[in-house]
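Asker: Below is the structure I would like to discuss, written out as structure tokens.
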Amino acid sequence: MSKINTCVSLYSLQDEYLNKRMSLEDIFKFLAENSVEGIEIIPDQMMHNAPHPSEQTLADWDRLVSTYKMKPVIADVFLNTNLYKNRELTKKECVDLLIEEIKLANRLGIKLIRLVSMVPAYVIEPLLPYAEKYNVTLALEIHAGLSFDVKKTQDFIKEMKRLNSPYIGLVIDTGIFCNRLPRVMADYCKHLGTNQEVIDYINHIFEQGKDPRKVYLEHNGFPTELKQLLKSDADYFFAHMADGYENEHFSVLNEYFPYIKHFHFKLFEMTEKGEEYSIDYKGILQYLHDKGYDGYVSTEYEGNRWVLPGHPMQEKEQVLAHQKLIRNVIKELEGQEVY
Amino acid sequence: MFDNNVFLENTCKNIVEAGNVTGFELKTNITYYRGIPLSMVNDIGVEVDGEKIAREHIVCSVDEVAWFTLDEMETVTSYKWEYGEPLTVRVLKDGGLSNGSHEIALDVVVRTAYIPVPLAGRKVRTVEIA
């Protein structure tokens, strides 16, 4: 029996926050008014001086969580391995930084941390005692472009399996399940000057059930046919960015399923039909239901970065439309009201 | 992608200190979706009417109290450039911008935690100095 819960990543409302149209409290209020009961937060985005926020910031957080009855589900944590220009951080420096993130998550009432892709595997074992002490699980994000075929991801998974602790796992970003290139991304690049022929070439890759990343890997770079089409910086920008969208089958998760702690339900564009343009959410939720997934799925709107200049930012509308879609599908699958 | 974050409108003005124009300043949001220590700012570039300002004439601040040159910023880890809070960029140049219209370009380049290539943003604005 699955128990799929929904939440919203505050990443989805980043432009509202950046341009001060919405404060953190406005965001909590908006989500609560729309029956959202759980959130995902990037402390570095919406909490000043994270991982060492002031007492006042923490008091404000406590007030928001209790006033709006919001469950803080997961904190998205980064590791600044390139903090300095002239060297990489040492293992000790990496571990020390992440200990502070674990303590912050615990203080915020959060039991799960998303470690950004490319976090080195060697941090896990030294962090385990802290994860246990503070009751915070650490889960590496599997993100398109930095997914299962990447060495650092493979190293992390190997170490995760070796340690086999309930405090170590994975977060899956559904950008690995794009069956079409996000149209908003292609439109944005076209506005920058990308040639339609280049866009058509990439779209064709998806139509064949492949993705640009796989094709580039097979060809050791851009295929000759694509190279011949690339004429401007905008063409190259588009061709490079296109490898951040993968076209995997859901079954790629089978092997890792016991370790999956959370999903980023990536959203590029809700269409007028109430579907996501690139990702089959009915299919994914059916798969999760069949697998007995017990955890959260989090709306992560990223179409905001592809809004054309002069066009309205519709983060709130997009989030609500996506929440409606996934709640309805879950309701159908579980035969009950789900928020 | 993050170009829209760069160079906030109506923030470019001359700096007047004790009756003298000692340079000009402008403000910008970060070309990223989260805050980072100043050491992760890879570069800031300013051009005035097509001419590049020398790196050593640029200083930046997140609180307008402590100012750092770009070289100094490389080791500044305890001041964070927060998401949603502008960085003030000053160009120290006697006389600042002359009266009239100028094309000012700002480039902001930051290092991110996991993307191998730094994230850059650029914005050019026409600024009127009266």
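Asker: Conditions first: (1) within 14 Å of chain A (Cβ to nearest Cβ); (2) modelled with pLDDT of 95 or more; (3) open to solvent by 20 Å² or more (accessible area, probe 1.4 Å). B:Thr22 passes all but one, so which condition is the exception?
Answerer: Failed condition: (1).
Asker: Let me ask you something else. Is it the case, given these coordinates, that A:Leu229 is aliphatic (A, V, I, L, M) and open to solvent by 30 Å² or more (accessible area, probe 1.4 Å)? Show your work before the answer.
Answerer: Working: aliphatic (A, V, I, L, M): yes; open to solvent by 30 Å² or more (accessible area, probe 1.4 Å): yes.
It is true that A:Leu229 is aliphatic (A, V, I, L, M) and open to solvent by 30 Å² or more (accessible area, probe 1.4 Å).
Asker: Here's something else I'd like to know. If you check every pair at least six apart or on different chains, which have Cβ atoms under 8 Å apart with a residue in the range A:271-288 that is on the phi > 0 side of the Ramachandran plot first and a residue that is surrounded by fewer than 18 Cβ atoms within 10 Å (Cβ to Cβ) second?
Answerer: A:Gly274/A:Lys324
Asker: Additional query: Kindly indicate the residue of the range A:282-292 that is closer than 22 Å to A:Val36 by Cβ and not hydrophobic (A, V, I, L, M, F, W, C) and also most open to solvent (accessible area, probe 1.4 Å) among those meeting that condition.
Answerer: A:Lys282
Asker: Sticking with this structure for a sec: Quick one: would you say A:Gly295 is in contact with a Lys or Arg (Cβ under 8 Å, 6 or more places away or on another chain) and either buried (at least 16 other Cβ atoms within 10 Å of the Cβ) or within 23 Å of A:Ile113 (Cβ to Cβ) (or both)? Walk me through how you get there before you give the answer.
Answerer: Values: in contact with a Lys or Arg (Cβ under 8 Å, 6 or more places away or on another chain): yes; either buried (at least 16 other Cβ atoms within 10 Å of the Cβ) or within 23 Å of A:Ile113 (Cβ to Cβ) (or both): yes.
Judged against the criteria, A:Gly295 is a match.
Asker: Of the numbered conditions (1) in contact with a Phe, Trp or Tyr (Cβ under 9 Å, 6 or more places away or on another chain); (2) open to solvent by 80 Å² or more (accessible area, probe 1.4 Å), A:Ile279 fails exactly one; give the number of that condition.
Answerer: The single condition A:Ile279 does not satisfy is (2).
Asker: Now, a different point. How many residues, within the range A:30-71, are part of a loop (DSSP other than H, G, I, E, B), within 14 Å of chain B (Cβ to nearest Cβ) and open to solvent by 10 Å² or more (accessible area, probe 1.4 Å)?
Answerer: The initial filter retains those residues of the range A:30-71 that are part of a loop (DSSP other than H, G, I, E, B), namely A:34-37, A:42, A:47-54, A:68-70.
Filter again for within 14 Å of chain B (Cβ to nearest Cβ), leaving A:42, A:47-54.
Imposing the further condition that a residue be open to solvent by 10 Å² or more (accessible area, probe 1.4 Å) reduces the set to A:48-49, A:51-54.
Qualifying residue count, the range A:30-71: 6.
Asker: Tell me, which residue of the range A:233-274 that is among the polar types (S, T, N, Q) and loosely packed, with under 15 Cβ neighbours inside 10 Å is nearest to A:Leu10 (Cα to Cα)? Walk me through it before giving the result.
Answerer: Residues of the range A:233-274 among the polar types (S, T, N, Q): A:247, A:251, A:254, A:271.
Going one step further and asking which of them are loosely packed, with under 15 Cβ neighbours inside 10 Å, we end up with A:251, A:254, A:271.
Values: A:Ser251: 29, A:Asn254: 29, A:Thr271: 21 Å.
Filtering first and then ranking leaves A:Thr271.
Asker: Okay, next question. Here's a check for you: in the range A:72-89, which residue that is within 14 Å of chain B (Cβ to nearest Cβ) and among the β-branched types (Val, Ile, Thr) is farthest from A:Val171 (Cα to Cα)?
Answerer: The initial filter retains those residues of the range A:72-89 that are within 14 Å of chain B (Cβ to nearest Cβ), namely A:75-89.
When the remaining residues are screened for being among the β-branched types (Val, Ile, Thr), the result is A:77, A:81.
On the way: A:Val77: 12, A:Thr81: 20 Å.
Across the range A:72-89, the extreme among qualifying residues is A:Thr81.
Asker: When you look at A:Ile199, is it outside the structural domain of A:Val297 (by TED's automatic domain parsing) and in contact with a Lys or Arg (Cβ under 7 Å, 6 or more places away or on another chain), yes or no? Don't jump to the end; show me each part of the working.
Answerer: Working: outside the structural domain of A:Val297 (by TED's automatic domain parsing): yes; in contact with a Lys or Arg (Cβ under 7 Å, 6 or more places away or on another chain): yes.
Taking the combined requirement at face value, the residue satisfies it.
Asker: Related question: So which residues in the range B:70-88 are touching a helix residue (DSSP H, G or I) at 6+ places or on another chain (Cβ under 7 Å) and not aliphatic (A, V, I, L, M), if there are any at all? Before you say what the answer is, go through the steps one by one.
Answerer: Keep residues of the range B:70-88 that are touching a helix residue (DSSP H, G or I) at 6+ places or on another chain (Cβ under 7 Å), which gives B:70, B:73-77, B:79, B:81, B:83-84.
Within the range B:70-88, B:Glu74, B:Thr75, B:Thr77, B:Tyr79, B:Trp81, B:Tyr83, B:Gly84 meet the criteria.
Asker: If a residue must be open to solvent by less than 30 Å² (accessible area, probe 1.4 Å), farther than 16 Å from A:Met47 by Cβ and either within 10 Å of another protein chain (Cβ to nearest Cβ) or among the basic types (Lys, Arg) (or both), how many such residues does the range B:65-85 contain?
Answerer: 1
Asker: Among the residues of the range A:307-325, is there at least one that is surrounded by fewer than 22 Cβ atoms within 10 Å (Cβ to Cβ) and more than 30 Å from A:Lys29 (Cβ to Cβ)?
Answerer: no
Asker: Of the residues in the range A:125-137, how many are without any contact (Cβ under 8 Å) to a residue 40 or more places away in the chain and either in contact with a Gly (Cβ under 9 Å, 6 or more places away or on another chain) or surrounded by 20 or more Cβ atoms within 10 Å (Cβ to Cβ) (or both)? Break it down stepwise before answering.
Answerer: First, pick out the residues of the range A:125-137 that are without any contact (Cβ under 8 Å) to a residue 40 or more places away in the chain: A:125-127, A:129-136.
Next, only the ones that are either in contact with a Gly (Cβ under 9 Å, 6 or more places away or on another chain) or surrounded by 20 or more Cβ atoms within 10 Å (Cβ to Cβ) (or both) stay: A:127, A:131, A:136.
Count: 3.
Asker: How about the range A:162-176: which of its residues are in contact with a helix residue (DSSP H, G or I) (Cβ under 8 Å, 6 or more places away or on another chain) and either open to solvent by less than 10 Å² (accessible area, probe 1.4 Å) or assigned to a helix (DSSP H, G or I) (or both)? Steps first, answer last, please.
Answerer: The first filter runs over the range A:162-176 and keeps only residues in contact with a helix residue (DSSP H, G or I) (Cβ under 8 Å, 6 or more places away or on another chain), leaving A:163, A:165, A:167-170, A:172, A:174-176.
Listed by number, the residues that qualify are A:Leu163, A:Ile168, A:Gly169, A:Leu170, A:Ile172, A:Thr174, A:Gly175, A:Ile176.
Asker: With the requirement that a residue be surrounded by fewer than 20 Cβ atoms within 10 Å (Cβ to Cβ) and at pLDDT 90 or above, what does the range B:106-122 give you?
Answerer: If the condition is that a residue be surrounded by fewer than 20 Cβ atoms within 10 Å (Cβ to Cβ) and at pLDDT 90 or above, then B:Asp107, B:Val109, B:Ala120, B:Arg122 are the ones that fit.
Asker: Ok, one more. Of the residues B:Thr112, B:Thr31, B:Thr88, which single one is closer than 22 Å to A:Met46 by Cα, among the hydroxyl-bearing types (Ser, Thr, Tyr), within 14 Å of the chain's Cα centre (by Cα) and within 14 Å of chain A (Cβ to nearest Cβ)? Talk me through it step by step, then tell me what you get.
Answerer: On the way: B:Thr112 fails: within 14 Å of the chain's Cα centre (by Cα); B:Thr88 fails: within 14 Å of chain A (Cβ to nearest Cβ).
Matching residue, one of B:Thr112, B:Thr31, B:Thr88: B:Thr31.
Asker: Continuing with this model, one more query. In the range A:113-142, which residues are away from chain B (no Cβ under 12 Å), polar (S, T, N, Q) and farther than 15 Å from A:Lys161 by Cα?
Answerer: Within the range A:113-142, A:Asn135 is the sole residue that qualifies.
Asker: Could I ask something else about it? Tell me, which strands (runs of 3 or more DSSP E) wholly within the range B:42-130 include 1 or more residues that are within 27 Å of A:Met241 (Cβ to Cβ)? Working first, answer last.
Answerer: Numbers: elements: B:58-61, B:87-92, B:100-110, B:119-129.
Qualifying strands (runs of 3 or more DSSP E): B:87-92, B:100-110, B:119-129.
The values are calculated or read from the model by the stated rules, or taken from the named source; none is laboratory data. Quick caveat, the model's predicted, so the values are computed rather than measured. Cβ atoms come from the backbone with ideal geometry, glycine included; neighbour counts cover every protein chain shown. Ligands, DNA and RNA are stripped out before the accessible areas are found, and what is left, the full protein with its side chains, is counted by its heavy atoms. Shrake-Rupley method; radii C 1.70, N 1.55, O 1.52, S 1.80 Å.
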